[in-house]
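Student: The structure follows.
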Amino acid sequence: IDLVKENCEVVLKGNCDEIACSDRGIERKFWTTEKLGKERIEYLKNLPIMHEFYLSGQLVRLFHASPNSLEHIFNPMYSNTNNRYSCLELNNALGMFENTEFIGKNEDDVTPDIVGYGHIHTPNLYKYKNKTLFNTGSVGAPNEMENDGKECRTNSFSTLASYTILEGNIGSKEIGPLSITNVRVP
């Protein structure tokens, strides 16, 4: 957390951050909560849920999981129907572009052209109805999925860390060159 605070301009709250800094985590003295200490817990507690900016004429919105919560799941490669996450599954890609109260937006706000998220830890780039959705994957706990919808123990953790690079004219509302690259690092 100290390195992140020193080196990152934008940091967003994820579901594990929420758990670590929750009253439940503090009351139960979770190992992580105890190790972090009060100052770092306060930092996590105050992280924003969402960040957005213009890049080469496209509105980019970033959040941990979805515009609905830190837990709702959209996965274009794998359905969570009939498993423990089915009640949290978003079945429509356009739902990821909605303006919701959870992220502090309403129907009068501009909807994004590009959405970046994490949560499922599987890197992907998905185009749907002239909108772009990408998942950064994970540096610390990367996942690989078989994409066939079957529960399988081999579609879990990977040794290939991943992150995403966005390139373009930052802050510009004028259409220009734009690139989204998912990077894998052994």
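The values are calculated or read from the model by the stated rules, or taken from the named source; none is laboratory data. Since the model is a prediction, treat every value here as computed from it, not as a measurement. Every residue, glycine as well, gets a Cβ built from its backbone with ideal geometry; the counts of neighbours run over all protein chains shown. Side chains included, ligands, DNA and RNA excluded: accessible areas come from the protein's heavy atoms. Shrake-Rupley method; radii C 1.70, N 1.55, O 1.52, S 1.80 Å.
Student: Among (1) 12.0; (2) 15.9; (3) 9.5, which is the computed mean projected area of the Cα convex hull in nm²?
Tutor: Answer label, from the structure shown: (1).
Student: For a Förster distance of 30 Å, can you work out the FRET efficiency between the beta-carbons of T181 and I1, rounded to the nearest 0.05? Show your work: numbers first, answer last.
Tutor: Numbers: r = 27 Å, r/R0 = 0.89.
The computed FRET efficiency comes out at 0.65.
Student: For the ranges 58-67, 117-126, 159-168, what's the packing order if you count other beta-carbon atoms within 10 Å of each residue, average per peptide, and put the highest first?
Tutor: Top of the packing list down: 58-67, 117-126, 159-168.
Student: For Y54, list long-range residues whose amide hydrogen, built 1.01 Å from N in the peptide plane, is under 5 Å from its own amide hydrogen.
Tutor: V60, G171
Student: Here's something else I'd like to know. How many nm is it between the label spots at N169 and Y128, if each spot is 7 Å from the Cα in line with the beta carbon?
Tutor: 3.0 nm
Student: Another question, if that's okay. Tell me, what % of the accessible area of the chain is carbon and sulfur with a 1.4 angstrom probe?
Tutor: Carbon and sulfur atoms account for 51 percent of the accessible area of the chain.
Student: Right, something else. Give the calculated FRET efficiency between M77 and E39 to the nearest 0.05, with a Förster radius of 45 Å applied to their Cβ-Cβ distance. Display every interim value, and only then the final one.
Tutor: Numbers: r = 39 Å, r/R0 = 0.86.
Result of the calculation: an efficiency of 0.70.
Student: Order the peptides 171-183, 45-57 from the highest to the lowest mean number of other Cβ atoms within 10 Å of their residues.
Tutor: 45-57, 171-183
Student: Round to a whole angstrom and tell me the spacing of the C-alpha centers of the stretch 1-76 and the stretch 83-102.
Tutor: 18 Å
Student: A further question follows. Output the antiparallel fraction of DSSP beta bridges having both residues in the chain, as a percent to the nearest 5. All intermediate terms of the calculation are to be shown ahead of the outcome.
Tutor: Working: 21 of 29 bridges.
Bridges in the chain that DSSP calls antiparallel: roughly 70 percent.
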